[in-house]
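Derivation of every value follows stated rules applied to the coordinates shown; laboratory data play no part. Note that the structure is predicted; figures quoted are calculated from it, not measured. A quick note on method: Cβ atoms are made from the backbone with ideal geometry, for glycine too, and the neighbour counts reach across all protein chains shown.
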Amino acid sequence: MKDYLYEDVSLKSWLLTTDHKRIGILFLLTITFFFIIGGVAATLMRMELATAPGDLVSADVYNRLFTLHGTVMVWLFLIPSIPATLGNFLLPLMIGAKDLAFPRLNLLSWYVFLFGGLLTLWSIIIGGVDTGWTFYTPYSTTYTNSHVIMMAAGIFIVGFSSIFSGLNFIVTVHSLRAPEMTWTRLPLFVWTLYATSLIMVLATPILSVTLVLIAAERLFGVGIFDPALGGDPLLFQHLFWFYSHPAVYIMILPGMGVISEILPCFARRPIFGYKFIAGSSLAIAVFGFLVWGHHMFAAGQSLYAGLVFSFLSFLVAVPSGIKVFSWTATLYKGSIRFDTPMLYALGFMGLFTIGGLTGLFLATLAVDVHLTDTFFVVAHFHFIMVGGMLMAYLGGLHFWWPKMTGKLYPETLGRISAVLIFLGFNGTFLPQFILGYLGMPRRYYAYPEQFEFLNVISSAGAVLLALGYALPLAYFTWSLIKGRPAGADPWNAAGLEWKVSSPPPHHNFETIPVVEQPYRYPRPGHE
Amino acid sequence: MKIGGVPLFPQQADTGAAGVDMVALVVCAICGLLALGVLVAVVYFLIRYRAGSDVNRDNPPEGHLPLELSWVGGAVVLSLVMFIFGARAYYDLRVAPTDSFEIEVVGRQWMWKIRHPSGRREINTLHVPLGTKIKLKMISRDVIHSFYLPEFRTKHDVLPGRYTDLWIEPKKLGRFTLACSEYCGTDHSRMKGEVVVVTPEEYESWQALSPLTSVQRGERLYLKMACDSCHEYQDGQVVSGAPLLDGIYGSTVGLEAGGSTKVDDDYLRRSILRPKAQVVAGFQPIMPTYEGRLSEEELLDLIAYIRSRSGSTVDDGGKK
């Protein structure tokens, strides 16, 4: 019986596939492409910032670069990253289903994503946008002459892809679980995908509406956000962050799920605190909707709104803390192996912990007033988004690559890449915390001389980081051709996805799989 | 402490700066201890329980309710501590003392225009007297900017269409950074300047070098725009149906459309630009709009003049 990759190798069979695994691969290729584009923009920015004066590019080009970097990385890479690739590929396998509930909707999700992504890219090619990914009004609606509408249209369309995937995942988890796959046996990765999907379905429409309002003001002069037209610019910020703060959890929750899969496998013991970890994912999804105002402590929001949002922002940190403590406890009495996915997972724990804790500085009202809109914020969210999510994504890719492709990658190079990325990341972003406290505002293309030293360190770190990313790109590609066959279960892992061959057959399971308790490590009968 | 000749900590130029740094240190201590705890535990477990080590691995716990509840509780308590520290300092940072001295700031792409009570104006430089409570009343002519004073540990966004404020109390003589921290277009990173803290005596003599005060400029404008043809008495009678301006500032007026509003700077500004939106009860919506006919600076002058007619010299309309 042929696996999903070789069942039919024609281009048409790929472009019209409804197989969740193939769609996962299509997403993987697409977001890798966008990641490279966003990465090139970041590289140019770090090159510009290596010296204090603005010399490499012009101010307008720099402003377009950070807009491009933010927009592409947030909407075309981070938001779809784990859910659309690993989630798509693994969700049905993990719950013992043959596919997602709506396979054709799943394919549509990819086409919609591709179309919206290309439209966004087009807005960049024809001249770019210089508003920042946040599109703050009235700059974006009245003052800039860049291609805001085109980019907003692209993101508007990409939003539907999120909504489709979210719906699909929710319905699949509810209706297609194998017999015996009870809610308390669901892999924690599935729990996080479920929580993520809830946010995608509930929050994305707000973004869509907001983008439509921007277009209405820009095209027809309807006064919504621009005070000159009778609008209110803070209204935009409320609407934008009402989506974009939960969106941060869209980006990080699936990463937390991946870590919850990797840690028990390489610690060879069951996860500690299953119910608390699962519950904390839902708590994050719910609380995540109530903290958007912490982006506006110095923006003109009332004093009392600030107090409430600060309080709620501290509460949303608690479930993240629960996860970190539970992961730590999962190492207790384990039999720990240090394979590549584990190194990535440990790197995630370190960077995510720093990212989360520095978030508390920003939740603290008086401190946020000083730090907001400085490099401290830049460092904080990169620790979460890149240190957290991207580490988790790469950890997950290394963990499930043998399952997805049937091939093993060179383990030594894998470990080197994990270490390189960890070091390069810290080199890039740790200095930015100090820069922020010293008062270097973000989105500055030229900056005072006194900040140069730390910026040079940051740019040097970025070189290491870029090398670290290039490595997996190279050896993953290499492994497709020359990699040794992986076998069904190279890690000796629990979970239904390891019970089928690698790569899995077209319909995943020939017979309905037998479900056991999650994370049954050490594997009975093997060790 | 310095690194590469660069200090790791900005100077404290404001009486409130030490307080903010204190809160940051409290948060830093709590977070540092948490991070250290996790790091030590992780490293210890990784070494002790590495594959192949000879240690007891019997019955690894899959949960431990008292432990889990205790770290939930612990996290909530620590959060509350940080919240309270931050909130207290924020209150002090945001609420300007009523006796503060007012300086006006108008932001525009890409410069800061500063106006002192004496009428003296400057661009991208803000002279302030040492040891004085100063409230900056700010507005933008175009997009959102943010008035950021790192050495004073404070900033606030400067919005178009609405006044926002910030207050400082300089405690150190010298020159300090002023920067725009809300992205505002091409030259965002060049929209900067400096705060010059001088002694009160120097400030007085510096300020005195001004032809007209804002109130005087406002009065001239008031007459030039013929505001007086409606808003004044003639032989004890209101000339044409418009509210009298004497004593109106800081009062609460009923509105024609129902409800009431406090007459503060924002209300005056709106009433000049869009007079028909909130008409005082008992009057007809007959005043023409001055939208596009007055700059933000002229609006500030007019408001200063109207305030002076109620004996008010600072923007305390909203606070009384």
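Observations on the structure shown:
- Efficiency of FRET between residue A:304 and residue A:126 - r from beta-carbon atoms, R0 41 angstrom, step 0.05: 0.35
- Here each label is just a point 7 Å from Cα along the line to Cβ, and for residue B:274 and residue A:29 those points are 5.2 nm apart.
- Using equal-weight Cα scatterers in the Debye expression, the normalised intensity of the range A:405-527 in log10 at q = 0.10, 0.11, 0.13 Å⁻¹ is -0.57, -0.64, -0.75.
- Distance between the C-alpha centres of the range A:82-133 and the range A:426-464: 33 Å, rounded to the whole angstrom.
- Amide N proximity, the range B:160-191 versus residue B:15 label position 7 Å along Cα-to-Cβ, cut-off under 12 Å: B:168-172
- Rg followed by Dmax, in Å, when the range A:11-499 is reduced to its Cα trace: 21.7, 66
- Around the Cα centre of the protein assembly as shown, unit charges on the Cβ atoms of Lys, Arg, Asp and Glu (plus for the first two, minus for the last two) sum to a dipole of about 1880 debye.
- Within the range B:97-137, backbone nitrogen closer than 20 Å to the virtual label 7 Å beyond the Cα of residue B:22 toward Cβ: B:97, B:131-134
- Taking amide H as placed 1.01 Å from N in the peptide plane, the amide H of residue A:439 sits under 5 Å from none that are at least 5 places away or on another chain.
- Length available on full extension from residue A:470 to residue A:13: 0.36 nm per residue minus the Cα-Cα distance, which gives 161.5 nm.
- Other residues within the sphere of radius under 13 Å centred on the Cβ of residue A:223, judged by their own Cβ, net out at -2 (K and R +1, D and E -1).
- Cα convex hull of the range B:230-308 - mean projected area over all directions, nm²: 5.1
- Amide H contacts for residue B:158 (H built 1.01 Å from N in the peptide plane; partners 5 or more residues away or on another chain; cut-off under 5 Å): B:145, B:146, B:147.
- Across chain A, the relative contact order, built from alpha-carbon pairs under 8 Å that are at least six residues apart, equals 18 percent.
- Our Cα-only numbers for the range B:101-208 put the radius of gyration and Dmax at 12.9, 39 Å.
- Euclidean distance between Cα centres, the range A:171-233 to the range A:252-297, Å: 19
- Translational diffusion of the protein assembly as shown, µm² s⁻¹ [Kirkwood Rh, Cα pairs; Stokes-Einstein; 25 °C; 0.890 mPa s]: 85
- Tail fraction, Cα-Cα pairs, the range A:8-139, threshold 22 Å, whole percent: 46
- For chain B, Kirkwood radius (reciprocal of mean inverse C-alpha pair distance, Å): 23.5
- A Förster radius of 45 Å, combined with the Cβ-Cβ distance separating residue A:115 from residue A:55, puts the computed FRET efficiency at roughly 0.75.
- Other-chain or far-sequence residues with amide H under 5 Å of residue B:102's (modelled H): B:135
- Projected label points at residue A:482 and residue B:284, each 7 Å from Cα along the beta carbon direction, are separated by 9.1 nanometres.
- Full-stretch length increase - residue B:122, residue B:201 - with 0.36 nm per residue and alpha-carbon distance subtracted: 26.6 nm
- Between helix A:59-71 and chain A there is an angle of about 30 degrees, using the helix long axis and the longest principal axis of the Cα atoms.
- In terms of packing, defined here as the mean over residues of other Cβ atoms within 10 angstrom, the peptides A:111-118, A:181-188 line up highest first as A:111-118, A:181-188.
- Label zone at residue B:41 (point 7 Å along Cα-to-Cβ), backbone N below 18 Å, the range A:297-341: A:317-336
- Within 10 Å of each Cβ in B:32-43, the average number of Cβ atoms from other chains: 4
- The protein assembly as shown - share of DSSP beta bridges that are antiparallel (%, nearest 5): 75
- Only Cα pairs under 8 Å and 6+ residues apart enter the sum, and on that basis the relative contact order of the range B:172-306 stands at 22 percent.
- Förster radius 41 Å - calculated FRET efficiency between residue B:54 and residue A:412 (Cβ-Cβ, nearest 0.05): 0.95
- What separates the Cα centres of the range A:467-507 and the range B:63-104 is a distance of 47 Å.
- Most mobile of B:225, B:191, B:111 in a GNM of chain B (Cα contacts under 10 Å): B:225
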